[in-house]
Amino acid sequence: MFHPWTPDVAVRLDIPRLVFQGVCMFAQSLKDAVRRPDSPHLKVQSDYDPFVIPGLPDPITMTRSQLPDYVRTQNGYTQLMEQWREAELKSYGVLVNNFYELDSAYTEHYKKVMGHKIFHIGPAALIHRNAGDKVERGHRTVVGEQECLSWLSSKKPNSVLYVCFGSGCRFPDEQLMEIACGLEASGHQFIWVVLGKDDDEEEEEREKWLPEGFDEKINGRGMMVKGWAPQVLILDHPSIGGFLTHCGWNSVIEGVSAGVPMITWPLYAETFYNEKLVTQVLGIGMEVGVEDWNLWVDAGKKVIRRESIEKCVRRLMDDGDEGVVLMRQKAKELGEKARRAVEEGKVHQLLQLHWFVFLSSNFTADGNATLNAPIASSTS
């Protein structure tokens, strides 16, 4: 994806080029829609006036403030995005860490827009079948697998909220304080993954923002993980009843695969698009109320207050809200579909990998086939 010069190389070598997209086809469809010269975000009076994005399978509502800065105003990154898009148009197809049923309407929509094949090779999180594999994903974990499992296993099903904002977000102290107070005031159990402003930051510096007496107040009710956590292992545990997430695609698809409803807190990149998939299309999440897209370094400058956090946590984790009951049911059904997609596709995915290996000997760079090889998990 990030090498727009490679189509020319593929043409010279007479081999096909495949793009791996780190996002879903829903997000790609929204990206394409808002880049068009007639996009309604260009006509609204205020950055906070809602508008409906036209030409999509569903009426998706956003505000201009939730769009990336390179969409609102032309800049160098806008040009780079156009180069990536042009390179994708010259490619044979797209690989995506997703399963077809999750956003099938948008897969078909995007396929028509771009005119090429889309291969669903996920959810990748479900390829890791045992706890050891799940723990070893990504960085070395700070909290031990057994410590984490032991704590979770002492809790009732669906009683713990998992809170994590990905590996790229370093909130300012004021926002961390508000999150801590909101979680404490909610009265619910939680696991909260906290990244300091600096990986080398001393423990004392990291915890200056904590409310006085916080550890005592959450004793036995909350677990704080300073650094990296075994996210897939945590989400898969029966005690997890909700996921407060920054809506990065890996986190969203891992939450979906675990069948867990979400509280959405988008920050940067395509995360606001992912939020709309979770809340407006799938119906498995609720918005905490973030209004402004940020650059990575500016995440959290507009603070979400503890009252909003507490309200969302209580609504998701309390029993009795009919809307949340339906949300949980939908999340569970999607998790089952995700697992079936992997179980039913095991052999096909292996065959697909072999198929990619000999693609170059059977296809020319422009996508003309010399061998008709049907692939079960592709859409064409």
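Condition first: under 30 Å from Ala125 (Cα atoms), among the hydrophobic types (A, V, I, L, M, F, W, C) and at pLDDT 95 or above. Can you find one or more residues in region 63-74 that meet it? Among the residues of region 63-74, at least one is under 30 Å from Ala125 (Cα atoms), among the hydrophobic types (A, V, I, L, M, F, W, C) and at pLDDT 95 or above, which makes the answer yes.
Residue check: Leu233 meets all listed conditions (1) at pLDDT 95 or above; (2) closer than 23 Å to Phe99 by Cα; (3) among the hydrophobic types (A, V, I, L, M, F, W, C) but one, namely (1).
Quick check on Val96: is it buried (at least 19 other Cβ atoms within 10 Å of the Cβ) and under 26 Å from Val290 (Cα atoms)? For Val96, the condition - buried (at least 19 other Cβ atoms within 10 Å of the Cβ) and under 26 Å from Val290 (Cα atoms) - is not met. Screening the candidates Phe51, Phe26, Phe2, Phe20 for the property of being part of a loop (DSSP other than H, G, I, E, B), within 24 Å of the chain's Cα centre (by Cα) and not hydroxyl-bearing (Ser, Thr, Tyr) yields one hit, Phe2. Say we look at region 31-40 and pick out the residues that are surrounded by 15 or more Cβ atoms within 10 Å (Cβ to Cβ) and within 29 Å of His3 (Cα to Cα); which of these is farthest from the chain's Cα centre (by Cα)? Here the answer is Ser39. Count of region 305-337 residues, restricted to those that are of a type in the set (Lys, Arg) and closer than 22 Å to Arg221 by Cα, is 5.
Look at region 61-86: where a residue is surrounded by 15 or more Cβ atoms within 10 Å (Cβ to Cβ) and in a loop (DSSP other than H, G, I, E, B) and a partner is of a type in the set (A, V, I, L, M, F, W, C) and at pLDDT 90 or above, sitting 6+ places away or on another chain with Cβ atoms under 7 Å, you get Leu67/Val34; Leu67/Trp293; Pro68/Trp293. Count of region 81-99 residues, restricted to those that are within 19 Å of Tyr70 (Cα to Cα), touching a Pro at 6+ places or on another chain (Cβ under 8 Å) and of a type outside the set (D, E, K, R), is 3. When Ser251 is tested against (1) touching a Pro at 6+ places or on another chain (Cβ under 9 Å); (2) within 17 Å of Ser167 (Cα to Cα), exactly one condition is not met: (1).
Residues are listed down the side, and each one gets a yes or a no for (1) at pLDDT 95 or above; (2) crowded, with 24+ Cβ neighbours inside 10 Å; (3) under 23 Å from Asp49 (Cβ atoms):
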{"site": "Asn250", "(1), (2), (3)": "yes, no, no"}
{"site": "Gly255", "(1), (2), (3)": "yes, yes, no"}
{"site": "Glu275", "(1), (2), (3)": "yes, yes, yes"}
{"site": "Asn294", "(1), (2), (3)": "no, no, yes"}
{"site": "Asp298", "(1), (2), (3)": "no, no, yes"}
{"site": "Arg314", "(1), (2), (3)": "yes, no, no"}
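The values are calculated or read from the model by the stated rules, or taken from the named source; none is laboratory data. Keep in mind that this is a model prediction, so the values were computed, not measured. Virtual Cβ from ideal backbone geometry, glycine too; neighbours counted across all protein chains shown.
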